[in-house]
Amino acid sequence: MNSSFESLYSTCSSVQSESVPLLQHNGQVHVHRDHHRSAPMPPHTHTSNSELQHSTTSPKQRLRRSQPMHILAVRRLQEEEQQLRTSSLPAIPNPFPELSGSPVLSPGSLPPCQPSGTYIINIFSEDGMGKVVEIPADMTARDLCQLLVYKSHCVDDNSWALVEHHPLLGLERCLEDHELVVQVQASMTSEGRFLFRKNYAKYEFFRNPLNFFPEHMVAWCQETNGAIPPSQLLQNFLNSSSCPEIQGFLYVKEMGRKSWKKLYVFLRRSGLYFSTKGTSKEPRHLQLLADLEDSNVFTVTTGKKLHSAPTDYEFCIKPNKRTELKELRMLCTEDEQSRTSWMTAFRLFKYGIVLYQNYKIPQQRKTLSHFSTPVRSVSENSLVAMDFSGRIGRVIDNPLEAQSAAMEEGNAWRKRSQRMNILGSPSPLHPCLLNSVIHRTQLWFHGRITREESHRMIHQQGQVDGLFLLRDSQSNPKAFVLTLCHHQKIKHFQILPCEEDGQIFFSLDDGSTKFTDLIQLVEFYQLNRGVLPCKLKHPCTLVAL
């Protein structure tokens, strides 16, 4: 090694003595000197050993004392030689400009397993209008709903959902909050689309678990012969070690045919099975119907029309790929409660504790990963009583003074409305005035829709207790109808106008309880049950994107 460095230094210093290196072998540099240009030594010069030793070591000492500028020169020569070699090659354009530098792919340049970058997603509202949204690849369904809530200026109550809709197949399902939207879109066909709507029943099982599974559907309840404690029911469904079994009769459509068979079906964590011999649970009598791991459960919206289903309560198990109609596993129940129980059990068996975490996350965190939490532009908590009687407004701090000011303002508004009626203005029941009253701007009022449309909207948004909407009556043009869901049944209550002292009121109970407008009526029954089977809890809302 030392001889190599010394030979390198001697090679660099040979430029001063006009010597040219020819060959380097075994760490030694052989130098060919030009004897014609070197001066001859005098013949009669005598030198001592010390002088000879000093003369032979002095060049090396000078080399050791020199700076490493000669090494930089050698490196510069090597770089120039490399540039000369590359410049001699023809200039070929790089067909892959996104690959950097070396043509050999490094481990970091390999494509990742997870999707990356940004993607374009089309979102549609209930009225058919769409919105194009650019999202990152790792955005979940919950975060996309939060983004749409923020952009559409909606009230965020954690009940919005992203719906995977297949119009040609007549299928739809709500995406789970943790699902990646890009991955779901990759498994959809060209006719599939995403819908943005309310779904109040997404986590209703965790609020009222006993309303979902009757005792005859849960196998371990029949074995214990006792009532189901809510905590025990939740624990068995969420615990991965326990295996609750859901059982019961289902109508199953035969593959490739239009005929249906009534079979005894068992839903376990490993899959959906049916018994070939009555209600037998022996392994030799069980056959697999569908797998839970690579499938999702969908609600069928056109059961009788498209699939000739025996009832209206049809659901479907669809593989997570682009499938045709003949590859779907169609199932049907006797009533809505049974369909909800089977579909909820399917989700719980597939995702388990993840669903419970999705239910708890909105209550625990206030910030999002991709954007800040949207807030309402005007909140009830931020409203204060103001007095504008003077030159400048002032905040009314005294609660009694604020209450009296509100009562005076309400009485003044009623006097103005009565004065307008006396002066010949149109009656409040006139259709021209009904189009401009305040209740038509409310989210729960849907105007002139049919009874069937109101049923469809209630079905789509969850069929939970207290889900309601108001609409114009088709039989009485002066009345309105309250559509309410209770125990998964839809009921209709007519709101009739009544006149008292020249003023028009609205009532649900034939005039026993009267309200000046529909907003007061809704607010009252949100706090009081009255003649209704339950309070008004969840407004059936449609949003325009």
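Quick notes
- In summary, the lysines within cross-link reach of K262, defined as a Cα separation below 23 angstrom excluding same-chain residues under 8 places away, comprise K253, K277, K281, K304, K305, K318, K326.
- Segment 438-539, accessible area per residue, ligands and nucleic acids excluded (1.4 Å, Å²): 49
- Straight-distance crosslink candidates among lysines, where the alpha carbon sits under 21 Å from K151 and sequence neighbours closer than 8 are dropped: K131, K198, K366
- Taking the accessible area of segment 204-357, probe 1.4 Å, and keeping the other protein chains in place, the carbon and sulfur fraction comes to 48%.
- Counting only protein heavy atoms and a 1.4 Å probe, segment 118-198 has 39 square angstrom of accessible area per residue.
- The rule of thumb for compact globular proteins, 2.2 N^0.38 Å, goes into the C-alpha radius of gyration of segment 118-198 1.01 times.
- Accessible solvent surface per residue of segment 204-357, calculated while the other protein chains remain in place, 1.4 angstrom probe, Å²: 50
- Loop trypsin sites (Lys or Arg not before Pro), segment 444-519 (other Cβ atoms within 10 Å of the site Cβ: 10 or fewer; DSSP): R448
- For segment 438-539, the convex hull spanned by the alpha carbon atoms encloses 93 Å³ per residue.
- According to the Cα-based calculation, Rg over Rh for segment 204-357 is 0.95, with Rh computed by the Kirkwood formula.
- Around the amide H of V300, modelled in the peptide plane, lie the amide H atoms of E314, F315, C316, all under 5 Å away and 5 or more residues distant in sequence or on another chain.
- Residue-wise HN-Hα couplings along segment 296-302, as the Karplus relation 6.51 cos²θ - 1.76 cosθ + 1.60 with θ = phi - 60° gives them from phi, are 9, 9, 10, 8, 8, 8, 10 Hz; Gly and Pro carry x.
- Taking amide H as placed 1.01 Å from N in the peptide plane, the amide H of R197 sits under 5 Å from that of A161, V163, each at least 5 places away or on another chain.
- Straight-line cross-link partners of K514 among the lysines, defined as a Cα under 27 Å from its Cα and at least 8 positions apart when in the same chain: K415, K478, K489, K491, K535, K537.
The values are calculated or read from the model by the stated rules, or taken from the named source; none is laboratory data. As the structure is a computational prediction, the values presented were derived from the model and not from experiment. Glycine also receives a Cβ, built like all others from the backbone with ideal geometry; neighbour counts cover every protein chain displayed. Protein only, heavy atoms only, side chains kept; ligands, DNA and RNA dropped before computing areas. Shrake-Rupley method; radii C 1.70, N 1.55, O 1.52, S 1.80 Å.
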